[in-house]
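**Student:** Before we start, here is the structure in question, set down as structure tokens.
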There are 4 protein chains.
Amino acid sequence: MKNVAVFGAGRIGRIHATNLAALPGVRLRSVCDPMAAQAAELASQLGAEVSTPEAVLADPSIDVVAIASPTDTHSELITRAAAAGKHIFCEKPVDLSVPRAQACAQAVRAAGVACMIGFQRRFDPTFNEAQQRLARGEIGAPEMLVVTSRDPGAPPAQYLRGSGGIFRDMLIHDFDIFRWILCSDGDEAATLYATGSVLVDPAIAEVPDIDSSVVTIRTRKGRLAQINTSRRAAYGYDQRFEVLGSTGMLQCGNHRPTEVVQSDAQGVRADKPEHFFLQRYREAYRLELAHFFECLQSGRAFRTTIEDGVAAQQLADAAAQSLASGQVVVL
Amino acid sequence: MKNVAVFGAGRIGRIHATNLAALPGVRLRSVCDPMAAQAAELASQLGAEVSTPEAVLADPSIDVVAIASPTDTHSELITRAAAAGKHIFCEKPVDLSVPRAQACAQAVRAAGVACMIGFQRRFDPTFNEAQQRLARGEIGAPEMLVVTSRDPGAPPAQYLRGSGGIFRDMLIHDFDIFRWILCSDGDEAATLYATGSVLVDPAIAEVPDIDSSVVTIRTRKGRLAQINTSRRAAYGYDQRFEVLGSTGMLQCGNHRPTEVVQSDAQGVRADKPEHFFLQRYREAYRLELAHFFECLQSGRAFRTTIEDGVAAQQLADAAAQSLASGQVVVL
Amino acid sequence: MKNVAVFGAGRIGRIHATNLAALPGVRLRSVCDPMAAQAAELASQLGAEVSTPEAVLADPSIDVVAIASPTDTHSELITRAAAAGKHIFCEKPVDLSVPRAQACAQAVRAAGVACMIGFQRRFDPTFNEAQQRLARGEIGAPEMLVVTSRDPGAPPAQYLRGSGGIFRDMLIHDFDIFRWILCSDGDEAATLYATGSVLVDPAIAEVPDIDSSVVTIRTRKGRLAQINTSRRAAYGYDQRFEVLGSTGMLQCGNHRPTEVVQSDAQGVRADKPEHFFLQRYREAYRLELAHFFECLQSGRAFRTTIEDGVAAQQLADAAAQSLASGQVVVL
Amino acid sequence: MKNVAVFGAGRIGRIHATNLAALPGVRLRSVCDPMAAQAAELASQLGAEVSTPEAVLADPSIDVVAIASPTDTHSELITRAAAAGKHIFCEKPVDLSVPRAQACAQAVRAAGVACMIGFQRRFDPTFNEAQQRLARGEIGAPEMLVVTSRDPGAPPAQYLRGSGGIFRDMLIHDFDIFRWILCSDGDEAATLYATGSVLVDPAIAEVPDIDSSVVTIRTRKGRLAQINTSRRAAYGYDQRFEVLGSTGMLQCGNHRPTEVVQSDAQGVRADKPEHFFLQRYREAYRLELAHFFECLQSGRAFRTTIEDGVAAQQLADAAAQSLASGQVVVL
């Protein structure tokens, strides 16, 4: 039985805490959040106690901390948890600053604790099945990747101010998909070009940030990736990728709430995609935590390491640099 | 907080017990099964105790019994539970004999307890969405229903000996779908014709039973329904229906494990349907129990009453009679 | 070079004449129609001359007649053309009366001329591909067939008065599909049950006729077929069938004008099916005439013989009898 | 009646000649090709005569020339035909050299003849429907375009030597799609970045050319386009695009030979896309010529002018320059 504390009782903290509470072999012991009422409500629902990071890290009976607090607290919590000998599950990103993220990775290695970063998309049943088929050679050698990643609607400009920009906040997941799909054999990005626009909400220009972006990556082996993202898709959360291989193609389609198809004078209409990430990745969030504890138990490597977290940040940094300069970045 | 006992710790009992244990406002108190080891294992996993129907029915703190024991025990357990003043959730069918099923319904009414029959398909997200759109008039007046219901593979002939035959064992769900979709306004079956064959496994002929069947129902208002079923679909569990209305059509497609589409020299290939009922109706099983407790709480009517259970049995009986006689049955 | 005369310059006559005029190795020589203006216009467009059946049948240079005149003229024209030694392509049906149709078949055999009946659906690229895969054993042995056949809208009751009823006018094609798909190894219908309703247009009841029908056929080998038809599908011409075999299923979907999919706040919308038979079967009409002349040239057997025409009529008769009696018909 | 001569009796010349011969109001008079046997065969099949460009251009009864000869003859034939007062339909490209293409456009304007360039994709029923819906505002303002354009297999390196490179030979169509979809309101490309690789056939590297490419274009209004192309898709000719707008998305899917779906133990399998451009764009080739003559008749503007031809060439040039330099090109 592993004893776990969750840092953060907000939207994503509640998901992880609820999944933790239902995992066999796991006991959710503590919930920590400066918002006391929120922490108390979540703890009470799940039969856990309210605590503080200090108390959790000092408690030798806690084996694991799950970090789901605001981004700017991640690196400090990782470092402290590593120092306290706790195993760590941490929501992406490690940190908006690559050097600080690298320092975290170093601290984790030095402490010898396990640390997994929550790139939940790698646990999505559809994406994971595609990756496994690719790994089994079902479409031959990978050549080209097209990632489409669009939110149903833009967040308030206020939220974006602290987000680190679209590449660090939103495309971080897509950069991880790129590495997972095209770089599993040690290949890496060689050049990156990013551009974008404000097409959705003029207030985003004043952040300053962009709301629509396209990124092109070429790897050392010459593989090609294109990512297109928007903060707004009027038809819902659009999460797809397709990979072309030498003997075929794998496409990952959106998930739909139901399989009803309605035919009438207007046409033949299927459901919109699942509304947003809480719906689309509900199963992925559950599976990534199950994977975390299976790996802790078996000693197998995590599917998404802290090094993966750092590498995705580096691509986000390169994209931001390319956007700013208007030039291709050589990595 | 409702206290619940589950009768039956087999495949379907485990599903219901697990769902009950996770429902807010519900406490799974007892698990009963003559197979002691099975009962003990399930109870232990879910933090419940092992008990017996006698003890459960005598315990005034138990509010609800969930009956998931073998079919031939249903009617006695319903009758006893009703007499003990317990609310009842019972897996389909009420009983293989229509008169006994009617007696159960009478006992339930006399006792004034609530009783819901587990036609879980009405809680399938796809089927339910279709029914709601139909009810909202999105395709006008219903005219014609086509139900396709095929298992991935035939059970052993041995199992079929006690099943009551394909119409009572398998099509009971499809008859309920027919009533739910075409008869919600009080319309009812007027004539029924059923025929079938042994095409899958010759051993089934010796049961005797059939493994492939087609049923036609015409309602009093002239609506038309066709049901086709097979004990074997090499591509998995095939669960679809489509309803034609005066201004459109609603089709319910199969659910797939993933949304991966693979294109190669052989074609463009999507997943097979979910393997079998435990996968396809996983969410439906969860939702039907949630609905049961919501109705208990709110006093609203169940979506699937014991009268629905009896009515589906009557159609199954008519189908068996039509098959035996080779004639159309007038209801 | 084969010289051809077309009888009938109406909707279907124009299709055949146009296709004939474009076939290599074929010369459209004459167009005959009592509506002189219509015949003249069509002949002029295609570089043919206006003629009469008498002149055509007396002209030794005419090799082939294509009969696309009203149904009640078919049997006389077939008989006279056969007597004149002309090869015959005739639109379905041979005749609304089975005995007269049989007499035509006898006349054709006696004269030793070739005669093909225009069941164009067997030449539809989708249906034909499915039939070929079935014949190659790609889904094992055929077990069950479900045919969906719905027109976009009901014709005027006036038209229906001379139509012979829904089974002879509309389902004749579906009966032919049944025989083509389930009876290619010499199997034949053993029992047939048909019922139906007037749900679309009350005026159809006064013809008298029905506008919605369902038919069940069981073959001697125990194979099962269900056909469902309606005179009205608000979403367009719905022409599908699916066949279940011992190792798989083949489904024939509708054809769409374009492959545009529009996603917006209302859902994900594809095109309606092709509007009606002139659109859906445009290619089939072309291919069936090409097949006719290839067979004439090569001596190979037609895919749709006059005997197929008679057999489909017999099923239509049985369906009409079943509807009238409310009973199952044993064939 | 318009009298037409075709220059070129190769693969694409045969398509255009055959379509011309079937167009009402058009008479195919002459076929010209230095390969005399090829010209004679085509002319004979279609009832035309063999001629020479000199004779055709000197013949006052010829109204229109259709240029389907090798690329390096286009500019001279356009210039001479314009000087002779003939209206011109010319296969893409105008010329591999942008200045020569511009000179052609100038010659056409000076002569006052009509000249349409054969970007047949704009006449594809699917692509055209999408463009019309976009123009009608059905998805709001266009924001982002993703074009996927993949051949079924790479041509021999020998062919590629005279092709002008992948951007001028293959992506020229995709650049035209970009302009058609994102620039219909006068917007134009502002920056372009192209990169690519040899992943399919090492012999292509020695041409030198690439076989896999990705292009990013940002317009003056900030709209974003991504194009991905490969000389090889193992599953057939992959021709899709999707455009994201402020209120929705339009996706253009591949066309399939049939609508058969086969379900078996391996999955649920639909057809591969139409094999290659002769199949996929068969209807488009027919419609573009019909459009040409309708415009000649009505005086309406062509959908694809010689200026469109020049503009697409300019984008191809920019892409080649970007690939060579590894830099973003500012237009």
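Just so you know, all these numbers are worked out from the coordinates, no wet-lab data involved. Keep in mind that what you see is a predicted model, and the values were worked out from it rather than measured. As a convention, Cβ positions derive from the backbone with ideal geometry for all residues, glycine included, and neighbour counts pool all protein chains shown.
**Student:** How far apart are the C:SER163 label points across copies, placing each 7 Å from Cα toward Cβ, in nm, shortest first?
**Tutor:** 4.1, 5.4, 5.8
**Student:** Given axes a ≥ b ≥ c from the Cα gyration tensor, I'd like to know whether the protein assembly as shown is rounded (a/c under 1.5), prolate (a/b larger than b/c) or oblate.
**Tutor:** Verdict is oblate for the protein assembly as shown.
**Student:** Could you identify which residue out of B:MET170, B:MET144, B:MET35 has the top mean-square fluctuation in a GNM of chain B using Cα springs shorter than 10 Å?
**Tutor:** B:MET35
**Student:** Oh, and also: Who wins for biggest fluctuation among C:GLU294, C:GLU307, C:GLU274 in a Gaussian network model of chain C, springs between alpha carbons below 10 Å?
**Tutor:** Maximum among the listed residues: C:GLU294.
**Student:** Round to the nearest 0.05 the FRET efficiency obtained for D:PHE276 and C:PHE276 when R0 = 41 Å and r is the Cβ-Cβ distance.
**Tutor:** 0.85
**Student:** Can you list, bin by bin at 5 Å, the percent of alpha carbon pairs in the stretch D:57-121, starting at 0?
**Tutor:** 4, 21, 32, 27, 13, 3, 1
**Student:** For the stretch A:2-113, take the alpha-carbon Rg, divide it by the Kirkwood Rh, and send me Rg/Rh.
**Tutor:** Radius of gyration relative to Kirkwood radius: 0.95.
**Student:** Once you have a ≥ b ≥ c as the square roots of the Cα gyration tensor eigenvalues for the stretch A:122-330, tell me rounded if a/c is under 1.5, and otherwise prolate or oblate according to whether a/b is larger than b/c.
**Tutor:** Judged from the Cα gyration tensor, the stretch A:122-330 comes out rounded (a/c under 1.5).
**Student:** Related question: Within the protein assembly as shown, what percent of beta bridges assigned by DSSP are antiparallel, to the nearest 5?
**Tutor:** For the protein assembly as shown, the DSSP antiparallel bridge percentage is about 60.
**Student:** Please build a GNM for chain C, connecting alpha carbons under 10 Å apart, and tell me which residue among C:ILE139, C:ILE117, C:ILE177 fluctuates the most.
**Tutor:** Ranking C:ILE139, C:ILE117, C:ILE177 by mean-square fluctuation puts C:ILE139 first.
**Student:** Also, quick follow-up: Find, among the residues of chain B, the one whose Cβ sits nearest the axis of the rotation taking B to A; state the distance in whole Å.
**Tutor:** It is B:ALA22, 4, counting Cβ atoms only.
**Student:** Find, among the GluC sites (Glu not before Pro) in the stretch C:101-173, those assigned to loop by DSSP (not H, G, I, E, B) with at most 13 other beta-carbon atoms within 10 angstrom.
**Tutor:** none
**Student:** Please give me, ordered by residue number, the trypsin sites (Lys or Arg not before Pro) of the stretch B:128-206 that lie in loop per DSSP and have at most 12 other Cβ atoms within 10 Å.
**Tutor:** In loop regions of the stretch B:128-206 (DSSP not H, G, I, E or B), the sparsely surrounded trypsin sites (Lys or Arg not before Pro) are B:ARG136.
**Student:** Now for a separate question. About its Cα centre, how strong a charge dipole does the stretch D:2-113 have in debye, to the nearest 20, once Lys and Arg get +1 and Asp and Glu get -1 at the Cβ?
**Tutor:** 320
**Student:** Follow-up question, since we're still on this one. Translational diffusion coefficient of the stretch B:225-277 at 20 °C, 1.002 mPa s, Stokes-Einstein with Kirkwood Rh over Cα pairs, in µm²/s as a whole number.
**Tutor:** So the translational diffusion coefficient is about 160 µm²/s.
**Student:** Under the rule a/c < 1.5 gives rounded, and otherwise a/b versus b/c splits prolate from oblate, where does the stretch B:105-182 land using the Cα gyration tensor?
**Tutor:** Oblate, since a/c reaches 1.5 and b/c is not below a/b.
**Student:** Further question: Could you pull the Rg and Dmax for the stretch A:90-233, using just the Cα atoms, both in Å?
**Tutor:** For the stretch A:90-233, the Cα-based Rg and Dmax read 16.6, 47 Å.
**Student:** Is there a quick way to get the dipole size of the protein assembly as shown? I mean about its Cα centre, with the Cβ of Lys and Arg at +1 and of Asp and Glu at -1; what is the value in debye to the nearest 20?
**Tutor:** That gives the protein assembly as shown a dipole magnitude of about 0 debye.
**Student:** At 222 nm, what helix-only mean residue ellipticity would the protein assembly as shown give, in deg cm²/dmol to the nearest 500, using -39500 (n - 2.57) for each DSSP H run of four or more?
**Tutor:** That calculation yields -11500 deg cm²/dmol at 222 nm.
**Student:** Put +1 on the Cβ of each Lys and Arg and -1 on the Cβ of each Asp and Glu in the stretch C:112-235; which of C:SER230, C:PHE175, C:LEU145 then has its Cα farthest toward the positive end of the dipole?
**Tutor:** C:LEU145
**Student:** OK, next. Defining the label point at 7 Å along Cα→Cβ, can you sort the distances from D:GLY186 to the same site in each other copy, shortest first, in nm?
**Tutor:** With the label placed 7 Å along Cα→Cβ, D:GLY186 yields 5.7, 6.6, 7.8 nm.
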